[in-house]
Each structure stands twice: as structure tokens, then as C-alpha cells.
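Just so it is clear, none of the values below were taken in a lab; they were calculated from the coordinates. A quick note: this is a predicted structure, and the numbers were derived from the prediction, not measured. As a convention, Cβ positions derive from the backbone with ideal geometry for all residues, glycine included, and neighbour counts pool all protein chains shown.
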Amino acid sequence: MSEPVGGGPVGAGSVSDGTVADGLLADDIVEPTVLTSTVEFEGAVWNIRRDVVAFGDSEITREYVDHTGAVAVLALDDDDRVMLIKQYRHPISRREWELPAGLLDEAGESPLVAAQRELGEEVDLVASDWAVLTDFFSTPGGSNEVLRVYLARGLSSTDAPFARFDEEAEIETRWVSLDQVVDAVLARTVGNSILSLAALVAAASRSRGWSTLGDPNSPWPVLTKASLRP
């Protein structure tokens, strides 16, 4: 059990205009008072955490997946083709099309270095040009997972293929045009959330001359603030 932490009770009826100085729609940052925070289940990859939080004049209890955070890479070649992988995902009983991605579970490793590592380990590629494409929460109702997707260009092959095991041993790779990926997302024939969001963001950013891209080393404070545990 932990001591209460945070900035105060969450207001159940609070209202915000949801904008920042430049007029963009923006989420509100909240620092609630977490009265207790305990690990209820320790898993092989993730834990289940239970928080009791001050909410208005009462308290609420929420259980969620306590996640390490993750990165993904939309690798785009000179012909506007995206490198996709097809991988077995047991919880949904599917072999689904995805982007190269991985957990932030290496101590002291930056998100950019993790993304570069995953690109090499999963599809045997390196890139000379990196940018932040988008950041998002995958399942905010039940997990504190935060995800950063990088756009990688200037691609070339690694010196040697990477040895893969378990589900990754059967990874299928394919180059698919960005427009075809967007078509598949809109036709609902692919269902991976990271791929869907990243493809739509990439298409929108491309239409704006890639002006929305971020510095690959830009701060990611939400990574350390996503979990409410003290």
C-alpha cells in the first residue's frame, strides 16, 4: 500500500474548453490524489494494478494493466511503401498485419534507440532519417500504455539477419504502398490499432508536406507520467 500522492481530487463535473494557446484541441493533464496503489497480479509481461483515487467528494477504484510503454516504426521507402509484418497474436487468435514494434523494457534505453533496435530485430532494416509521427494511449480505459510511433526513411538492410524466436520466428514481411494500407484501414480488413492510426496520420502528414513531424529526440514526458503509481 502506498501513501496518497498527486495534486488533489479529480472534479467529477469539471469542464474544460480543451484547447491550448494556438487553438488546437488538447487533452487536459490531471494529477489526481492516489490514495492507495497496489499490484494485484504480477504477470510474465505486465502487472495488474489497483488504484484508489480521490474523485470529487468520493473515491473510485480502478484496476488496469501497468504497462512499460512501447514504440513502433512506420518504415517508408522511396516509393512510399510501408514495411509491414504479419504476426500471430494469441489474445485475438489472429495473424495480423502490423508495424515493427516493441516494449520499452530495456533499462535506460531511449524510445528512439528502442525503435531503431526493433526495426533491425524484426525486419532487418536500418534508417538514416527518423521523426516522431504520433504519440497516443492505446487503451486508456484499462491500461496506462503509451505508444510513440516513428517515421523512418532512408532505409537500408542490416549487415546480417536477426535470429528470431517464438511468434517472431514466423513473421511474414511485405512492402505495401501507404495508400493501400490506408485503403485496408478504411475497408476494415486490417484491425491493428497501431497500424491503423499510424497509416492515417502518415497519409495526413504527407498531404501537408510532412510538416507535422516531430524531432526524433523530442521529450516524451507522458511516458513517465502515464502510471499513477508513486
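Looking only at the stretch 42-57, which residues are surrounded by fewer than 13 Cβ atoms within 10 Å (Cβ to Cβ), touching a residue at least 24 places away in the same chain (Cβ under 8 Å) and within 30 Å of GLU106 (Cα to Cα)?
VAL45, the sole residue that qualifies.
Could you identify the single residue in VAL71, VAL52 that is within 30 Å of LEU133 (Cα to Cα), in contact with a Leu (Cβ under 7 Å, 6 or more places away or on another chain) and assigned to a strand (DSSP E or B)? If you could, list the steps in order and put the result at the bottom.
On the way: VAL52 fails: within 30 Å of LEU133 (Cα to Cα).
Step by step, each of VAL71, VAL52 is checked, and only VAL71 is within 30 Å of LEU133 (Cα to Cα), in contact with a Leu (Cβ under 7 Å, 6 or more places away or on another chain) and assigned to a strand (DSSP E or B).
Got a number for residues in the stretch 173-217 being in a helix (DSSP H, G or I), touching a residue at least 24 places away in the same chain (Cβ under 8 Å) and surrounded by 15 or more Cβ atoms within 10 Å (Cβ to Cβ)?
Matching residues across the stretch 173-217 total 13.
Can you pull out the residues in the stretch 58-101 that are at positive phi and buried (at least 17 other Cβ atoms within 10 Å of the Cβ)?
Of everything in the stretch 58-101, just one residue is at positive phi and buried (at least 17 other Cβ atoms within 10 Å of the Cβ), namely GLY69.
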